[in-house]
Amino acid sequence: MSQLNAPTASAFTDNRSIDAMIYHFSLQMAALVAGAILCLLGAIGFAMEASARSMLARFPRSRGAGIVLLAIGLVWSFWLVSTMEMGEFSAFRRPFLFALPIGFLLTLRYVDEFLAVRALGILALLVAEPLLDAAFFHYESSRLVLSVLAYLLVVLGLIWVMIPYKLRDQINWFSQTTARWRVVSVSGFAYGATLIALAFLRY
């Protein structure tokens, strides 16, 4: 009897885990979107090198970019808190919803230094979740190509939020020579193309 009940229990656990998922993106869709963005960024970086390098150099201290990115993070976070299953923390949903816009305004007022970098770090952390969510129930080793990207976003997001000047240093490093810039651009494009190929052939 225990052997008969084991698959049922496993299926029940899987169903509960599926219900707890937030985004419900397929692995193929997540890989296609991530791959398309990487290919686009890589192509722009390679084809419009001079203007892209100039714009990227100004990004860390761009207040306008910081406000836009932080507003996107606010809307995304507000939607998450409004809709996600919080279990025993459900009583804190309304205080969190009030705290988010207050935190947004306080950040704009008092965290002016490298605001764009910190906001980009927040978005990187938010983006990592749907990528990991999409790969969660897949066991083929090719899923790791997407998972590695998600964990890289987590690491970079934490660094950019806590030590924002690091992005300025990273930009300065790979913008220092044309060869480094082109290697980064081509590598991003190649990673994106790999994800798109896997989306059609394996996912």
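The values are calculated or read from the model by the stated rules, or taken from the named source; none is laboratory data. All figures in this text were calculated on a predicted structure; none of them were measured in a lab. Don't worry about glycine lacking a Cβ; one is built from the backbone with ideal geometry, like all the others, and counts go over all protein chains shown. These accessible areas exclude ligands, DNA and RNA; they are computed on the full protein's heavy atoms, side chains included. Shrake-Rupley method; radii C 1.70, N 1.55, O 1.52, S 1.80 Å.
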Seminar exercise, completed: R109: passes all of (1) closer than 19 Å to P60 by Cα; (2) surrounded by 10 or more Cβ atoms within 10 Å (Cβ to Cβ) but (2)
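Does the stretch 98-120 contain at least one residue that is modelled with pLDDT of 90 or more and closer than 30 Å to Q28 by Cβ?
Yes, because at least one residue in the stretch 98-120 is modelled with pLDDT of 90 or more and closer than 30 Å to Q28 by Cβ.
Here's the yes/no breakdown for (1) acidic (D, E); (2) open to solvent by 50 Å² or more (accessible area, probe 1.4 Å):
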| site | (1), (2) |
| --- | --- |
| H138 | no, yes |
| L146 | no, no |
| W160 | no, no |
| D169 | yes, yes |
| G188 | no, no |
Problem set entry | Long-range neighbours under 7 Å by Cβ, at least six apart or interchain, first residue over 13 Å from G73 (Cα atoms) and part of a helix (DSSP H, G or I) within the stretch 97-112, second hydrophobic (A, V, I, L, M, F, W, C) and open to solvent by less than 50 Å² (accessible area, probe 1.4 Å) | L97/V81
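Per-residue answers, yes or no, for (1) in contact with a His (Cβ under 8 Å, 6 or more places away or on another chain); (2) exposed (fewer than 10 other Cβ atoms within 10 Å of the Cβ); (3) at pLDDT 85 or above:
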| position | (1), (2), (3) |
| --- | --- |
| S10 | no, no, no |
| R16 | no, yes, no |
| G35 | no, no, yes |
| G45 | no, no, yes |
| M48 | no, no, yes |
Exercise. So V155 fits all but one of (1) within 17 Å of I37 (Cβ to Cβ); (2) among the aliphatic types (A, V, I, L, M); (3) open to solvent by 70 Å² or more (accessible area, probe 1.4 Å); what number is the exception?
Worked result: (1)
Problem set entry | the stretch 81-96, subset touching a residue at least 12 places away in the same chain (Cβ under 8 Å) and either farther than 26 Å from A150 by Cα or aromatic (F, W, Y) (or both), residue surrounded by the fewest Cβ atoms within 10 Å (Cβ to Cβ) | R93
Exercise. Are there any pairs with C-beta distances below 7 angstrom linking a residue in the stretch 27-56 that is touching a residue at least 12 places away in the same chain (Cβ under 8 Å) to a residue that is open to solvent by 20 Å² or more (accessible area, probe 1.4 Å) and outside any helix (DSSP H, G or I), with the two at least 6 apart or on different chains, and if so which?
Worked result: L27/H138; L27/Y203; Q28/Y203; A31/Y203
Problem set entry | Residue tally, condition under 17 Å from L38 (Cβ atoms) and either of a type in the set (S, T, Y) or in contact (Cβ under 8 Å) with a residue 60 or more places away in the chain (or both), over the stretch 158-196 | 15
